[in-house]
Protein chains: 2
Amino acid sequence: MSSKFAQMSTSFAEENYLKIIYRLSEGHDDDISTNAVAELTQTKAASVTDMLRKLAEKGWVHYQKYQGVRLSPAGEKIALGIVRKHRLWEVFLVEKMGFNWDEVHEIAEQLEHIESDSLIEKLDAFLEFPKTDPHGDPIPTKNGVMPELGYLHLSDIKANKRCVLMGVAKDSAVFLQLLTKMQLSLGAALHVEEVNAFDRSISVSIDNAPAVFISHEVAKNILVKLT
Amino acid sequence: MSSKFAQMSTSFAEENYLKIIYRLSEGHDDDISTNAVAELTQTKAASVTDMLRKLAEKGWVHYQKYQGVRLSPAGEKIALGIVRKHRLWEVFLVEKMGFNWDEVHEIAEQLEHIESDSLIEKLDAFLEFPKTDPHGDPIPTKNGVMPELGYLHLSDIKANKRCVLMGVAKDSAVFLQLLTKMQLSLGAALHVEEVNAFDRSISVSIDNAPAVFISHEVAKNILVKLT
DNA sequence: AATATTTTTTAGTTGGGTCTAAAAAAATAA
DNA sequence: TTATTTTTTTAGACCCAACTAAAAAATATT
């Protein structure tokens, strides 16, 4: 019954797990714990164990019990496809529909599961092949390659350096709304005037305005490029 | 636990049933049979019985066993919301993404379940408040009113009358592709030159070209307005 | 090294939405 | 009006994806 060319299809739930395992794997190559996955999927660890076994059977993850999980090449390809769709839809929502950057995540979580290759390629063209989403995150190519942008965390910038805000490392609505309130948006020119040893907060001038304080917690989640 | 203001949410499957019951109810007020629903939902009659009981419990349909089903006002409101989303997304797919009218149905079947009121209102504005979808079907208003367009079936037009093609009563891809092949698209000027008694086919001149034959089966599914 | 704690897995349920097979009701034909 | 056929419903089962409670493994502590 099963053919070499069988086109295995992915359920909504499976796609979510693969996407979350991908997110948790970015930037290192340790295996991911069951609990970590449970937290992001908003499910219980027991449910995760079940699903990991199923994903492993389908060849999308490597999973040994008690040892954690990581994506197989096939699983990573699926995950990158979901992330590509998610980010392209976010661009659409902001650029064409007029949403703010803090409003698009939930809607894109739904749109990322729409299944149509031709739609996503046409959408890409319609948006003029954006390289990044509204939060500065790179959009994987249709061949499943995630561009590496190599940005730095604002929290790692030394005093007296200048940089440009290129992205955020977190897209919760409250965080983004705070940035907006502080005049921190993509492309903003930042000048780190001082790093305060006491609480690791920094004094930053935004677009040449008088410097304001930015907490370490916020700075950690802001991505910049030195200028 | 349950509040007067509880916002009951609809599953994918429930939305499909409500939409299909709506489709089957258009134009008359007889109750719909279990089998009719089963055919369109691509499920078995037994599954339909189950679901109708559930929909009735939630107050979205009136259902007495063995007596058929019809939408309640609440159910009709939900159904019209789905149809509205389906048709707006179809306009988007054709007008903005460059799909042909025979390619959009399946994708819109997925997009119609995306849940975001603000998205659909923004989409409506982005598309400049279209009145009809790419097949000429009216788009329900956001208040849940289905505009009545009052078109005639081409099969009912008398010889020697002129009319304009305003819509189609069927959106299967093969049917739409045939129309395209015959140069029959929305807005085409039609002149019914003859009605052939033998097979009820008609001879029609399209945009002043020499007349061609159109079968009764095709003519039945073409909607026109006399000029 | 032995014990306590945390993490993960197993076992057994549940709910949603489907199915098949068989029974019951309604519609049709004799 | 009775018998036959068709339609619909019931009963019992399955799969998916979640859950809780309890057991087992891994990790941390004394």
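For the set B:S205, A:S25, solvent exposure ranked by accessible area (probe 1.4 Å, protein chains only) runs largest to smallest as A:S25, B:S205. Magnitude of the charge dipole for chain A, about its Cα centre and with charges confined to Cβ atoms of Lys, Arg (+1) and Asp, Glu (-1), is about 400 debye. Accessible surface of the protein assembly as shown, 1.4 Å probe: 51 percent of it comes from carbon and sulfur atoms. So what's the angle, to the nearest 10 degrees on a 0 to 90 scale, between helix A:12-25 and the longest Cα principal axis of chain A? Approximately 50 degrees, to the nearest ten.
For peptide B:86-99, the mean count of partner chain Cβ atoms within 10 Å of a residue's Cβ comes to 2.
Distances from B:P147 to itself in the other copies, using label points 7 Å out along the Cα-Cβ axis, amount to 4.1 nm in increasing order. Could you work out which residue, out of B:M146, B:M97, B:M166, moves most in a Gaussian network model of chain B, that is, has the largest mean-square fluctuation with Cα springs under 10 Å? In the Gaussian network model the winner is B:M97. The long axis of helix B:117-126 is offset from the longest Cα principal axis of chain B by roughly 20 degrees. Partner shielding of A:113-119 amounts to 5, given as the average count of beta-carbon atoms from other chains within 10 Å of each residue beta-carbon.
State whether the stretch B:100-227 is rounded, prolate or oblate according to the following rule on the C-alpha gyration tensor (a ≥ b ≥ c being the square roots of its eigenvalues): a/c under 1.5 gives rounded; otherwise a/b larger than b/c gives prolate, and the remaining case gives oblate. It is prolate, given that a/c is not under 1.5 and a/b is the larger ratio. Between A:V69, B:N160, B:M182, the Cα set farthest toward the positive side of the dipole of the protein assembly as shown (charges on each charged residue's Cβ, about the Cα centre) is that of A:V69.
Compactness ratio of chain B: Cα Rg over 2.2 N^0.38 Å, N = residue count? Don't skip to the end; give the middle numbers.
Values: Rg = 19.6 Å, N = 227, 2.2 N^0.38 = 17.3 Å.
Rounded to two decimals, the normalised Rg is 1.14.
Counting Cα-Cα pairs of the stretch B:44-152 in 5 Å increments starting at 0 gives whole-percent bin shares of 2, 12, 19, 19, 16, 13, 11, 6, 2, 0. Anisotropy class assigned to the stretch B:12-71 is rounded, per the alpha carbon gyration tensor with a/c under the 1.5 cut-off. Positive-end ranking of A:V192, B:G136, A:Q110 along the dipole of the protein assembly as shown, with charges on Cβ about the Cα centre, is headed by A:Q110. Taken about its Cα centre, the protein assembly as shown carries a charge dipole of roughly 300 debye when the Cβ of each Lys and Arg holds +1 and the Cβ of each Asp and Glu holds -1.
With 10 Å bins beginning at zero, the pair-distance distribution over Cα atoms of the stretch B:125-195 amounts to 17, 43, 31, 9, 1 %. Pairs of alpha carbons in the stretch B:152-226 separated by more than 20 Å make up 17% of all such pairs. Between this copy and the others, label points of A:S205 are 7.8 nm apart in ascending order, each placed 7 angstrom from Cα in the Cβ direction. Rounded to the nearest 10 degrees, the angle from helix B:73-91 to the longest Cα principal axis of chain B is 50 degrees. Computed about the Cα centre, the dipole magnitude for the stretch B:67-138 is approximately 280 debye when only Lys and Arg (+1) and Asp and Glu (-1) carry charge, each at its Cβ.
How big is D for the stretch A:87-148, in µm² s⁻¹ as a whole number, if Stokes-Einstein is applied with the Kirkwood radius of its Cα pairs at 25 °C and 0.890 mPa s? Answer from the Stokes-Einstein relation: 207 µm²/s.
Kirkwood's formula applied to the C-alpha pairs of the protein assembly as shown gives a hydrodynamic radius of 26.0 angstrom.
Within the stretch B:1-103, all pairs of alpha-carbon atoms sorted by distance into 5 Å bins from zero give the percentages 2, 12, 21, 21, 16, 12, 9, 5, 2, 0.
The values are calculated or read from the model by the stated rules, or taken from the named source; none is laboratory data. Fair warning: this is a prediction, and the values are worked out from it, not measured in the lab. All Cβ positions, even for glycine, are placed from backbone atoms using ideal geometry, and neighbour counts span all protein chains on display. The protein model used for the area step is the full one, side chains on, heavy atoms only, and it has no ligands, DNA or RNA in it. Shrake-Rupley method; radii C 1.70, N 1.55, O 1.52, S 1.80 Å.
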